[in-house]
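Input: a single structure, listed below in structure tokens.
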Amino acid sequence: MLRRILFLLGLKLFLFGNLWADFQVFAPCSQTSTLWIVKAHTGDQKFELKVIDKVNLGFNGRVITKHPHKPLLYVISTRGEEGKVPGAVIFLNEDGSYKSHKGIHFKDDACFLSLDKEGKHLLGISYGSGRLNVYPLDSDGIPGDAISTINEGMNKAHCVLLPPDGKNLYIPYVKNNLALLQYSYDGDSGKISPLEPKNANPPEGTGPRHMAYHPTLPMVYFSNEQGVGLSVYHRQANGQLKVKQDINILPQGMSKIGLSASDLLITPDGKFLFAGLRGHKQNFDHISRYRVLEDGRAEFLGLTKAGKIPWGLTLSPDGKYLMVSATLGSSLNAYLILPGGNLQEVDSLVWDTGISDLITR
């Protein structure tokens, strides 16, 4: 009996104790040209989301990322004239509140932005043109003109993200341009060179979309936009990717038509993966959950019901909470990640329709 009481007390502290710091959620809305800033309060035995600010950016920003060290955010539009694509650098106060922003222009639009760990370069990939750009950052974190551009002559690229060692880039293409292109990357110069072979040749019907790296193992994970499930690849010593798993997550006999996977992330300890499953016309909107095994392979755990069209996913800075944007559901949903990888929704709030990307700080 005493052991059970102690267990329940420990679980209560884990779930509700004031053990983790408050944080902010930042999300641009292209339809209203605003940046939403939401505070997540984690203490007092209650998790609560509260809108702190809505900043008028003056352009249709949709994609966002953050600097690894400086209190800076970067926002870009998913459309615009080449060389004049609108974007902004957002300056934050040390407590995460909004300070100011500076409008800038990018060479190409982007459906995904990321930075290297050193904060030397900002990388962007365009879905519409498929072009990849590397922008140098000055000492203040402001992007300059692109110093590297890769144009493979095909669209529907979806993600650009550096591995922990920063030595390679892998660019996934979906739908009729199915590909997984592989490059070496020089973090000092920003130079990109193709590997041989260049294409890792993902299995037909998968459509690798977003990606996540294991923090310690040479494993790379992709949400499969068309395949709906998860692909697992081994990153070999020469940088080449070799497929290890193609996981189907749908109930037996269920059609994939009208479904697609969206964002993907891995917890900082490398134990769990979460991906968005957009239900579209089937009204089957969920978060898919996976456990990462000791060898880096993944085990499907199940599905958690989500808001309408779960598009963007991000973790709280401490990795304890999963934040999800429901694009047509017009909501931000917060989930506590339980010890076994299950998700418990702890709060939600209504925000603009069409918000797809978000980050925390």
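The values are calculated or read from the model by the stated rules, or taken from the named source; none is laboratory data. These numbers come from a predicted model, not from an experiment. Neighbour counts run over all protein chains shown; Cβ positions are idealised from the backbone, glycine included. Note: accessible area is taken over every heavy atom of the protein model, side chains too, but ligands, DNA and RNA are not part of it. Shrake-Rupley method; radii C 1.70, N 1.55, O 1.52, S 1.80 Å.
One line per residue, one yes/no per condition, for (1) open to solvent by 20 Å² or more (accessible area, probe 1.4 Å); (2) part of a strand (DSSP E or B):
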{"site": "Ala21", "(1), (2)": "yes, no"}
{"site": "Val25", "(1), (2)": "no, yes"}
{"site": "Ile37", "(1), (2)": "no, yes"}
{"site": "Gly43", "(1), (2)": "no, no"}
{"site": "Asp53", "(1), (2)": "yes, yes"}
{"site": "His69", "(1), (2)": "yes, no"}
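Residues of the stretch 319-339 include at least one that is crowded, with 16+ Cβ neighbours inside 10 Å, free of Cβ contacts under 8 Å to residues at least 60 places away in the same chain, assigned to a loop (DSSP other than H, G, I, E, B) and within 16 Å of the chain's Cα centre (by Cα).
Conditions (1) crowded, with 18+ Cβ neighbours inside 10 Å; (2) of a type outside the set (Phe, Trp, Tyr); (3) within 24 Å of Asp22 (Cα to Cα), marked per residue:
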| position | (1), (2), (3) |
| --- | --- |
| Val89 | yes, yes, yes |
| Glu94 | no, yes, yes |
| Ser100 | no, yes, yes |
| Ile104 | no, yes, no |
| Phe112 | yes, no, no |
| Glu118 | no, yes, no |
| Tyr127 | yes, no, no |
| Asn133 | yes, yes, no |
| Leu137 | yes, yes, no |
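Evaluate the following for Gly253: is it part of a loop (DSSP other than H, G, I, E, B), out of contact with any helix residue (DSSP H, G or I) (no Cβ under 6 Å at 6 or more places or on another chain), open to solvent by 40 Å² or more (accessible area, probe 1.4 Å) and small (Gly, Ala, Ser)? Judged against the criteria, Gly253 is a match. Among the residues of the stretch 150-168, those that are touching a residue at least 40 places away in the same chain (Cβ under 8 Å) and either open to solvent by less than 50 Å² (accessible area, probe 1.4 Å) or in contact with a Cys (Cβ under 7 Å, 6 or more places away or on another chain) (or both) comprise Ile150, Ala157, His158, Cys159, Val160, Leu161, Leu162, Pro163, Gly166, Asn168.
Scanning the stretch 156-203 for residues that are farther than 18 Å from Pro68 by Cβ and among the hydroxyl-bearing types (Ser, Thr, Tyr) yields Tyr170, Tyr173, Tyr183, Ser184, Ser189, Ser193. Candidates are the residues of the stretch 126-153 that are outside any strand (DSSP E or B) and among the hydroxyl-bearing types (Ser, Thr, Tyr); the one that is farthest from His69 (Cα to Cα) is Ser129. Of the residues making up the stretch 272-306, those that are touching an Asp or Glu at 6+ places or on another chain (Cβ under 7 Å), open to solvent by less than 20 Å² (accessible area, probe 1.4 Å) and in a loop (DSSP other than H, G, I, E, B) are Gly279, Ala306.
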